[in-house]
Amino acid sequence: MSRNPNSTLADFIVSFFRRRLVAQRRASPATVASYRDTLRLLLVFAAKHKDRPVSRLSIEDLNRDVILAFLDHLEEERKNGVRTRNVRLAAIHSFFQHVAYADPTTMGLASRVLGIQGKRTTKRLVGYLHPEDLNAIIATPDRATTQGRRDHALLLFLARTGARVSEAIAVTQADIQMSWPSQVLLRGKGSKERIVPLAKDTAEVLKSLINERKTGSDSQAPIFVNARARPLTRYGVIHILRRTVEKTTKVRPLLTTIAISPHTLRHSMGMRLLQSGVDLTTIQAWLGHESVNTTHQYVEADLEMKRQALEKCSTPETNPMPYRPPDEVLAFLESL
């Protein structure tokens, strides 16, 4: 059976995003953006690999060998980690599941791509900052400037709410309740919403930022914007944090030994809640974790809690007797 000539690669891509992701799965904007970036990287790689423009690629050009080469390209040339590789592969799998459903004649091609396995990863302990380091980073931006006030507000918001980057840059004026008790509405993964309380200092900084921008009654105005008054992007937030950390290291040089990302601020909030005695279920709801097993990672990472537990169950010290081999033969073997 020959494939429907009307089913072009462009058709598959358009229907994947419009029908499968948006209409059927009602995927969040962050999910759509992640899948978009994956397919864009794949198409650019495939076009170079096949030595033809993207517009002339066919679905057959995205075969198993090309996908495998693309995944190697992510790790070797783009220096992506295994987790990022697996995320890209999951997006590709989702796309080819849609392709096979939309055009059964592609089933053989799709099944070979779907057979590509993700790489096993080593579970790493969460990285977080101690309060002194975190406060130093937040205090670094020069609040005498417009940019500095924006950067300070952004970092304070991320650190005090534990919001994901995608959640923070999507916050509008309508999502924030300034009257006490102050709170913010966050839209997380899977379009799930949750309300997080705002500390007084955070609410005051956000209020000043809004008043300075003079957006008035525009409830849909984004809170965190760039120099062109457009919403900050994920890469914009990462750049702001990196720039700020680089300045902070001049007074706290030990920060150069720590890998700091926006998610580090989120982890720091989770650890702060845990060490303050907040139960895991509440932390799960605060951070928007789908499973409490994800929240449990903070318990695993908290060495101080483990030390305290050791002190509670410590036993009297004993003086071990020196070991002596029971006979001459064993003594000889021990001496070798």
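The values are calculated or read from the model by the stated rules, or taken from the named source; none is laboratory data. If you're wondering where the values come from, they're calculated on a predicted model, not measured in any experiment. Please note: Cβ atoms are built from the backbone with ideal geometry, for glycine as well, and neighbour counts cover all protein chains shown.
Remarks
- Filtering the stretch 211-232 to residues that are farther than 21 Å from residue 140 by Cα and of a type in the set (Val, Ile, Thr) leaves only 215.
- Among residues of the stretch 19-31, those that are closer than 18 Å to residue 102 by Cβ and under 24 Å from the mean Cα position of the chain (by Cα), counted: 5
- The set of residues in the stretch 194-230 being among the charged types (D, E, K, R) and farther than 15 Å from residue 148 by Cα consists of 194, 200, 201, 204, 207, 214, 218, 228, 230.
- Of the residues making up the stretch 118-142, those that are at pLDDT below 95 and more than 24 Å from residue 287 (Cα to Cα) are 118, 119, 120.
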